[in-house]
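Participant: For reference, the structure I am asking about is given below.
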Amino acid sequence: MAELLPPEMLTYILSFLPLSDQKEASLVSRAWYRAAQNALRETNVRYKIPVSSASLPGIKSLGLRGISCIGLTNLDGSPASHQVLQSVAYHLGPHLQSLCLGGGSPTEASFVALILGCPALRSLDLSGCNSLFVSGMLLAQPETAQRVQQALSGLRELNLAGLQNLADLSFNRLSSCAPYLERLSLAYCHLTFELGPAQGSRVPQESSPSQFSFRNLLRFVKERASRLHALDLSGTGLLPEALQALGQVAGLQLQELSLHSCRDLSTEAVAALCHQQPGLTFLDLSGCSELTDGALLAVSRGLQHLQHLNLRKLQRLTDAGCTALGGLWELQSLDMAECCLVSGRELALALGSVHGTPPPLTSLSLAYCSSLKDHLRAKLRRNLRSRGLFLQPHQKLEHQASGPKDPSSQPQGPSLLMLQALQELDLTACSKLTDTSLAKVLQFPQLRQLSLSLLPALTNKGLVAVAKGCPSLERLALSHCSLLSDEGWAQAARCWPRLQYLNLLSCSQLTEQTLDTIGQACKQIQMLDVAMCSGISMAAVRRFQAQLPQVTCIQSRFVGGADLTLTL
């Protein structure tokens, strides 16, 4: 029946499958192969191409398939790199929409030649490409700049993160070639400021041919205010007065703003931003260590449409600030990891929305909140509709009674059983978990990624229970689970035919029998880590590799009981 479907409909259906399943579907027939290839293109899968002469045939093949999103690795100024760039421009350039050169060292001439061959680009990643900006002469020739501007007329996203040599002139030349930019990243670029004459206050420097000044950036934002929607200034040392100057730019309506690790920002500056930019839907304030509860209160009052909020490592936040979260009705993702003063009581009341409808929260991280107590049990259990929930140390998952039992509700206690759409779960180092609690909690047929590393109480019984409750796992981490043995894997492995990535680092009781079991039951395995497994020999590792040639990586450091003291 599937053969009778129109190709477009089959492509649409396959686009909902994960990448591994799309690859399998492509083997069914020629029609399914073509549909799967179209689905891969439509989901913007990025193909990483190593820069070497051996990649030339592959680049030609990708060009014939119409691939539109690639990244080049190991790019430098060698003749081989120049040849690869020429091949990319010729075979992929006409339909290439996303190009990543991050961390590469191309020459200015080869970069310009590549860009001229890619007239359809919408996203360009030059993060860490310092070689292009060392001389300060990139696009200095007006004729070259004009041709590049024609090629980049459709560019909407530009990533210049981590450029230590970025200066005002080179930034102005490059940005002028992309007049319709909507998203710009300058994360960890060095913005320059100086002390002003009045009261020693810090103000932006004048534009400089050798430095990247905030004044120049502010001029750019003013010119592009009507189009610019997303800005990443993480790690730039942004000052409170600079943030206020950005927020009050006439016509600027930001939707996304990242300020990670801008440690000088004040609560007052964030409050002003929330008043000036009420349309923000994404805000990252992680690592802004000077912020207090007042910042969270200002966010709640000013950003009514906020969907994603990152407050990681804000160690001055307390329970009092958490009460404000109840006002964020559209919040979908919240990260409060390492907020060490948050105990959880007010957070539970806020997210439980005692006085209204709870926010549609889909992702919550409370990792390493050392003061977190068992206040989140019933309220979060009833209100989270998560696809990814991360519970780290200091959180409890044991089923406990908590007052009168409501027959219409789920079982009392912090049960995760209601999260049947869960696909990623990280329980690393949740040391209070036992086999019993895992057997009760981990029953997710759709779960694809799971980490149970550093669980000292996990035994074969718990492993088998997890295998039966989570049969669709593709990635599994069990490092340092020293109580697991061959007997447990003999029962568990047969439940995981789709397993691709497996970490068994330092599982000291495992022997080559477990390798044989995995080789027979998990035919799709691609990466295996058995480092520091003293019961497994190198001969067994080589035999496993020979049985499953599709395995691309096996970590086998110090197997067979190597003496680590002497080796290190």
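The values are calculated or read from the model by the stated rules, or taken from the named source; none is laboratory data. Everything quoted here is computed from the prediction, not taken from an experiment. Here the Cβ is made from the backbone with ideal geometry for all residues, glycine too, and neighbour counts use every protein chain on show. Side chains included, ligands, DNA and RNA excluded: accessible areas come from the protein's heavy atoms. Shrake-Rupley method; radii C 1.70, N 1.55, O 1.52, S 1.80 Å.
To keep it simple, each residue is scored yes or no on (1) modelled with pLDDT of 90 or more; (2) in the same structural domain as Lys440 (by the TED database); (3) part of a loop (DSSP other than H, G, I, E, B).
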site	(1), (2), (3)
His480	yes, yes, yes
Arg494	yes, yes, no
Arg498	yes, yes, yes
Cys507	yes, yes, yes
Cys533	yes, yes, yes
Ala539	no, yes, no
Arg542	no, yes, no
Thr565	no, no, no
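Participant: Let me ask another. Of all residues in the stretch 470-499, count the ones that are of a type in the set (Ser, Thr, Tyr) and surrounded by 22 or more Cβ atoms within 10 Å (Cβ to Cβ).
Facilitator: 0
Participant: Of all the residues that make up the stretch 73-89, how many are at pLDDT 95 or above and either outside any helix (DSSP H, G or I) or touching a Gly at 6+ places or on another chain (Cβ under 7 Å) (or both)?
Facilitator: 1
Participant: Any residue in the stretch 460-469 that is assigned to a loop (DSSP other than H, G, I, E, B) and buried (at least 18 other Cβ atoms within 10 Å of the Cβ)?
Facilitator: no
Participant: Give the number of residues within the stretch 117-158 that are outside any loop (DSSP other than H, G, I, E, B) and open to solvent by 50 Å² or more (accessible area, probe 1.4 Å).
Facilitator: Count: 7.
Participant: Quick one: in the stretch 268-283, which of the residues that are open to solvent by less than 20 Å² (accessible area, probe 1.4 Å) and not in a loop (DSSP other than H, G, I, E, B) is farthest from Ser234 (Cα to Cα)?
Facilitator: Taking the candidates together, the pick is Cys274.
Participant: I need a count of the residues in the stretch 98-116 that are open to solvent by 20 Å² or more (accessible area, probe 1.4 Å), over 18 Å from Arg183 (Cβ atoms) and part of a loop (DSSP other than H, G, I, E, B).
Facilitator: So the count comes out to 3.
Participant: A further question follows. Looking at Ala145, Ala151, Ala140, Ala113, can you tell me which residue is within 24 Å of Ala54 (Cα to Cα) and of a type outside the set (Ser, Thr, Tyr)?
Facilitator: After applying the criteria, what remains is Ala113.
Participant: Does at least one position in the stretch 522-541 carry a residue that is surrounded by fewer than 22 Cβ atoms within 10 Å (Cβ to Cβ), in contact with a Cys (Cβ under 7 Å, 6 or more places away or on another chain) and not aliphatic (A, V, I, L, M)?
Facilitator: The answer is no; no qualifying residue exists.
Participant: Restricting attention to the stretch 159-188, which residues are farther than 15 Å from Arg122 by Cβ and either buried (at least 22 other Cβ atoms within 10 Å of the Cβ) or among the hydrophobic types (A, V, I, L, M, F, W, C) (or both)?
Facilitator: Hits for the stretch 159-188 are Leu160, Ala161, Leu163, Leu166, Ala167, Asp168, Leu169, Ser170, Phe171, Leu174, Leu186, Ala187.
Participant: Mind checking whether some residue in the stretch 221-229 is assigned to a helix (DSSP H, G or I) and either more than 20 Å from Cys177 (Cα to Cα) or in contact (Cβ under 8 Å) with a residue 24 or more places away in the chain (or both)?
Facilitator: There is at least one residue in the stretch 221-229 that is assigned to a helix (DSSP H, G or I) and either more than 20 Å from Cys177 (Cα to Cα) or in contact (Cβ under 8 Å) with a residue 24 or more places away in the chain (or both).
Okay, residues lined up against (1) touching a helix residue (DSSP H, G or I) at 6+ places or on another chain (Cβ under 8 Å); (2) open to solvent by 40 Å² or more (accessible area, probe 1.4 Å); (3) among the small types (Gly, Ala, Ser); (4) not in a helix (DSSP H, G or I):
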site	(1), (2), (3), (4)
Ser289	no, yes, yes, yes
Leu296	yes, no, no, no
Arg301	yes, yes, no, no
Leu306	yes, no, no, yes
Arg316	yes, yes, no, yes
Gly321	yes, no, yes, no
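Participant: Right, here's the next one. Could you look through the stretch 39-54, keep only residues that are open to solvent by less than 50 Å² (accessible area, probe 1.4 Å) and at pLDDT below 70, and pick out the one that is nearest to Leu14 (Cα to Cα)?
Facilitator: Ala39
Participant: Can you find a residue that is touching a residue at least 60 places away in the same chain (Cβ under 8 Å) and open to solvent by 40 Å² or more (accessible area, probe 1.4 Å) anywhere in the stretch 422-430?
Facilitator: No, the stretch 422-430 contains no residue that is touching a residue at least 60 places away in the same chain (Cβ under 8 Å) and open to solvent by 40 Å² or more (accessible area, probe 1.4 Å).
Participant: Sort out which residues of the stretch 328-345 are of a type in the set (D, E, K, R) and at pLDDT below 80, and write them in order of number.
Facilitator: Result: Arg345, single match.
Participant: Out of everything in the stretch 549-560 that is open to solvent by less than 50 Å² (accessible area, probe 1.4 Å) and over 30 Å from the mean Cα position of the chain (by Cα), what residue ends up being farthest from Leu502 (Cα to Cα)?
Facilitator: Gly560
Participant: Given the conditions (1) over 16 Å from Asp426 (Cα atoms); (2) under 26 Å from the mean Cα position of the chain (by Cα); (3) surrounded by 19 or more Cβ atoms within 10 Å (Cβ to Cβ), and given that Leu502 satisfies all but one, which numbered condition is not satisfied?
Facilitator: Exception for Leu502: condition (1).
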